[in-house]
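Asker: Here you go, one structure.
The values are calculated or read from the model by the stated rules, or taken from the named source; none is laboratory data. Computed from a predicted model, the values in this text were never measured in an experiment. Because the Cβ atoms are built from the backbone with ideal geometry, glycine has one as well, and the counts that use them run over all protein chains shown.
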Amino acid sequence: MTARREIEAVTARIRERSRDSREAYLARLDEAAESGVHRATLSCGNLAHGFAACGPQDKAALSGGTVPNLGIITAYNDMLSAHQPYETFPQLIKEAAREIGGVAQVASGVPAMCDGVTQGQPGMQLSLFSRDVIALATAVGLSHNMFDAAVYLGICDKIVPGLTIAALTFGHLPAVFIPAGPMTSGLPNDEKSRIRQLFAEGKVGRDALLEAESKSYHGPGTCTFYGTANSNQMLMEIMGLHTPGSSFVNPNTPLRDALTKEAAKRALAITALGNEFTPVGRVIDERSIVNGVVGLNATGGSTNHTMHLIAMAAAAGIRLTWADIAEISEQVPLLARVYPNGLADVNHFHAAGGLGFLIRELLDAGLLHEDVQTVWGPGLRHYAIEARLDEDGGVSREPAPAKSGDEKVLVPVSQAFQPTGGIRVLKGNLGQAIIKTSAVKPQHRIIEAPALVFHTQHELQDAFKAGELDRDFIAVIRFQGPKANGMPELHKLTPVLGVLQDRGHKVALVTDGRMSGASGKVPAAIHVTPEAAEGGALAKVKDGDMLRLDAEAGTLEMLTDAETFARREPASADLSREHFGMGRELFASFRQIVSRADQGAAVF
């Protein structure tokens, strides 16, 4: 089944725009594939170093040069709940490889930071840059040229995009991404949010807040709200880089282990040594990128991916733009309500039918490209399934349920929650910005109010505590872009602005920073570009200037005459204190060369 005309048109424009860069990329891919893995041609000293720590069986296998060797790139650490389960995955993968006559080696570990730990802290300024560090670290691991394919163990915010960029840089190698799954459901997300707002108002103490947070984030696995981490898993599946049905199976379960071993075996089955050679640079093309954007909109996914998808696509020679993402959003209905777009968590979504149900609905409506290559084989219809544990402890699959198990969480296209995905591009005399409206009620989508300007989220929090914000206003938080300080998430603003909105005030946020995958009920124009540190128009705003944010019309304006606005000098900020401590001084070169948000905020 072909995609409907509007989706095909966007895909065609991306393909035409990317023609030269994509052709150059594929030429490099083919050249690398023809050269093959150099293991057989390494000097004896090189090869001896490469398998010195292996056991006798693996060492003998690698000596011959004809046995497939699987590289494992792991983002394991035991501080991140989502990545802690990866501790046991390498052993499972090695066992699976040996069962089919292959070998697996951990090629590299990559850093993985937790945005939940660093929110509002200096370390958050390294968060976005960590994506590109992960890509660089992966490249170092794979540069030994010992591997016929790779599996990638990563799940959270910047980790999966960084791993994807690296996988596509080594696009001649097959790549399978292996998730660890979400933690089991804890304290409901809406109750957690309620306690946060009460704490912001001073109505409960830190002990109550910590108890609520600990009951919400309580065990191994991803956080259960639908932020960037779980958006990552959706993307990897709908873009064909997971084995079907594997995204949202809880960790430390027999099915999770079975899926992990199956993924390792599949990666070895699609190397150039077999008959199903599937290099990842051929899996990811213009159609699969568009499928990812469709999935992002249909599920109400993370705004961070308006940057990550652009950077990921660029690694495969594909030029994706904000305009493409917004145009696709206008064609794709919202089919899922997962917090912060609803009350349910990702486990409820999975139980209601999950990605298998959603993919089938989107395919049947002509909203996805079905004729894509995946790691499971040709065609996305393979992913319209549910994965189960069979009697022998392996994986079996059956068609996704015909009906949703909970229509408060997941619905068919015919009963969509809203006709569009809710990701809009705002344009006006303040620049371009992204807004996500899927969690914003219609009555809050148009705000006209005076500006209150802050240079940090802590300044706004202090003003709230001092009782200075009980009024209508649009908060302008500037000098938070990639060049200024690495573009931290400003998630600490969510409870404060939510309280003010609940009190009946008209409030909104305009910032060149980010608001995380948990962007919620308050309208937020984020990723404003050009950023203030580049002399963008945001630097010209003063307290009291009337601003208008119109998410329906797609505009972001300062309501002053053009001549006055043009004459106004942009403000500056002393950012020197933002550039030292917690490792920030090591990223000076990144801040100098990083691209704009609408270009992926990348240093490559």
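Asker: Looking at the structure I just gave you, is residue 464 of a type in the set (A, V, I, L, M, F, W, C) and more than 27 Å from the chain's Cα centre (by Cα)?
Answerer: yes
Asker: OK, next. Name the residues in segment 426-466 that are within 28 Å of residue 578 (Cβ to Cβ) and touching a helix residue (DSSP H, G or I) at 6+ places or on another chain (Cβ under 8 Å), would you?
Answerer: 429, 430, 431, 432, 434, 452, 454, 457, 460, 461, 464
Asker: Looking at (1) in contact with a helix residue (DSSP H, G or I) (Cβ under 6 Å, 6 or more places away or on another chain); (2) within 30 Å of residue 249 (Cβ to Cβ); (3) of a type outside the set (Gly, Ala, Ser), which is the only condition residue 62 fails?
Answerer: (2)
Asker: Look through 39, 98, 22 and report the one residue that is modelled with pLDDT of 95 or more and over 22 Å from residue 257 (Cβ atoms).
Answerer: So the residue among 39, 98, 22 that is modelled with pLDDT of 95 or more and over 22 Å from residue 257 (Cβ atoms) is 22.
Asker: Something else about it: Report the residue count in segment 453-472 for those that are crowded, with 23+ Cβ neighbours inside 10 Å and of a type in the set (A, V, I, L, M, F, W, C). Can you show your working first?
Answerer: First pass over segment 453-472, keeping only residues crowded, with 23+ Cβ neighbours inside 10 Å: 457, 460.
Now narrow it down to the ones that are of a type in the set (A, V, I, L, M, F, W, C): 460.
So the count comes out to 1.
Asker: Still on this model: Taking only pairs six or more apart or across chains, which ones have beta-carbon atoms under 9 Å, a first residue in segment 445-459 that is free of Cβ contacts under 8 Å to residues at least 60 places away in the same chain, and a second residue that is part of a strand (DSSP E or B)?
Answerer: Within 9 Å, the pairs are 454/475; 454/476; 454/477; 456/477; 459/477.
Asker: Then there is this: Within segment 143-163, does at least one residue satisfy the condition of being in a helix (DSSP H, G or I) and surrounded by fewer than 24 Cβ atoms within 10 Å (Cβ to Cβ)?
Answerer: Pass one, segment 143-163, residues in a helix (DSSP H, G or I): 159-163.
Pick out the ones that are also surrounded by fewer than 24 Cβ atoms within 10 Å (Cβ to Cβ) and you get none.
No, because not a single residue in segment 143-163 is in a helix (DSSP H, G or I) and surrounded by fewer than 24 Cβ atoms within 10 Å (Cβ to Cβ).
Asker: Which helices (runs of 4 or more DSSP H) does segment 490-604 wholly contain that include 3 or more residues that are farther than 25 Å from residue 468 by Cα, outside the structural domain of residue 234 (by TED's automatic domain parsing) and within 25 Å of the chain's Cα centre (by Cα)?
Answerer: Ranges flagged: 588-593.
Asker: Answer yes or no as to whether residue 319 is modelled with pLDDT of 95 or more, under 30 Å from residue 553 (Cβ atoms), in the same structural domain as residue 225 (by TED's automatic domain parsing) and surrounded by fewer than 24 Cβ atoms within 10 Å (Cβ to Cβ).
Answerer: Spelling it out, residue 319 is indeed modelled with pLDDT of 95 or more, under 30 Å from residue 553 (Cβ atoms), in the same structural domain as residue 225 (by TED's automatic domain parsing) and surrounded by fewer than 24 Cβ atoms within 10 Å (Cβ to Cβ).
Asker: While we're here: Looking only at segment 563-604, which residues are surrounded by 12 or more Cβ atoms within 10 Å (Cβ to Cβ) and charged (D, E, K, R)?
Answerer: Matches in segment 563-604: 568, 578, 584, 591, 596, 598.
Asker: Is it the case, given these coordinates, that residue 357 is of a type in the set (Phe, Trp, Tyr) and crowded, with 21+ Cβ neighbours inside 10 Å?
Answerer: The answer is yes for residue 357.
Asker: Something else: Looking only at segment 82-136, count every residue that is of a type in the set (Ser, Thr, Tyr) and either farther than 14 Å from residue 163 by Cα or touching a Cys at 6+ places or on another chain (Cβ under 9 Å) (or both) and tell me the total.
Answerer: 4
Asker: Give the residues of segment 95-120 that are under 18 Å from residue 174 (Cβ atoms), without any contact (Cβ under 8 Å) to a residue 60 or more places away in the chain and in contact with a strand residue (DSSP E or B) (Cβ under 9 Å, 6 or more places away or on another chain), sorted by residue number.
Answerer: Result: 103, 105, 106, 107, 108.
Asker: Let me ask another. Take segment 423-436 and flag every residue that is crowded, with 24+ Cβ neighbours inside 10 Å and part of a loop (DSSP other than H, G, I, E, B).
Answerer: 430
Asker: May I pose another question? Give me the residue from segment 386-416 that is among the small types (Gly, Ala, Ser) and within 25 Å of the chain's Cα centre (by Cα) and, out of that set, farthest from residue 4 (Cα to Cα).
Answerer: First, pick out the residues of segment 386-416 that are among the small types (Gly, Ala, Ser): 387, 393-394, 396, 400, 402, 404-405, 414, 416.
Next cut, within 25 Å of the chain's Cα centre (by Cα) only: 387, 400, 416.
Numbers: 387: 28, 400: 22, 416: 17 Å.
By that ranking, first place goes to 387.
Here's the yes/no breakdown for (1) outside the structural domain of residue 99 (by TED's automatic domain parsing); (2) free of Cβ contacts under 8 Å to residues at least 12 places away in the same chain:
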{"site": "6", "(1), (2)": "yes, no"}
{"site": "13", "(1), (2)": "yes, no"}
{"site": "19", "(1), (2)": "yes, yes"}
{"site": "23", "(1), (2)": "yes, no"}
{"site": "34", "(1), (2)": "yes, yes"}
{"site": "72", "(1), (2)": "no, no"}
{"site": "76", "(1), (2)": "no, no"}
{"site": "83", "(1), (2)": "no, no"}
{"site": "87", "(1), (2)": "no, yes"}
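Asker: Quick check: is even one residue across segment 201-213 part of a loop (DSSP other than H, G, I, E, B), free of Cβ contacts under 8 Å to residues at least 24 places away in the same chain and either surrounded by 22 or more Cβ atoms within 10 Å (Cβ to Cβ) or among the β-branched types (Val, Ile, Thr) (or both)?
Answerer: yes
Asker: Let me ask another. Give the residues of segment 373-390 that are on the phi > 0 side of the Ramachandran plot and outside any strand (DSSP E or B), sorted by residue number.
Answerer: Result: 379, single match.
Asker: Do you know which of the residues in segment 164-187 that are outside any helix (DSSP H, G or I) and of a type in the set (Val, Ile, Thr) is nearest to residue 212 (Cα to Cα)?
Answerer: Looking at residues that are outside any helix (DSSP H, G or I) and of a type in the set (Val, Ile, Thr), I get 184.
Asker: Okay, next question. Name, by its number, the condition in (1) modelled with pLDDT under 90; (2) in contact with a Lys or Arg (Cβ under 8 Å, 6 or more places away or on another chain); (3) polar (S, T, N, Q) that does not hold for residue 46.
Answerer: (2)
Conditions tested, residue by residue: (1) within 19 Å of residue 239 (Cα to Cα); (2) of a type in the set (A, V, I, L, M, F, W, C); (3) at pLDDT 95 or above; (4) outside the structural domain of residue 233 (by TED's automatic domain parsing).
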{"position": "341", "(1), (2), (3), (4)": "no, no, no, no"}
{"position": "376", "(1), (2), (3), (4)": "yes, yes, yes, no"}
{"position": "385", "(1), (2), (3), (4)": "yes, yes, yes, no"}
{"position": "432", "(1), (2), (3), (4)": "no, no, yes, yes"}
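Asker: Show the residue pairs meeting these rules: Cβ distance below 6 Å; 6+ apart or different chains; first residue within segment 567-586 and more than 13 Å from residue 483 (Cβ to Cβ); second residue part of a loop (DSSP other than H, G, I, E, B) and modelled with pLDDT of 90 or more.
Answerer: Listed pairs, sorted by first residue: 570/535.
Asker: Provide a single number: the residues in segment 226-242 that are outside any helix (DSSP H, G or I) and either surrounded by fewer than 24 Cβ atoms within 10 Å (Cβ to Cβ) or of a type outside the set (A, V, I, L, M, F, W, C) (or both).
Answerer: 4
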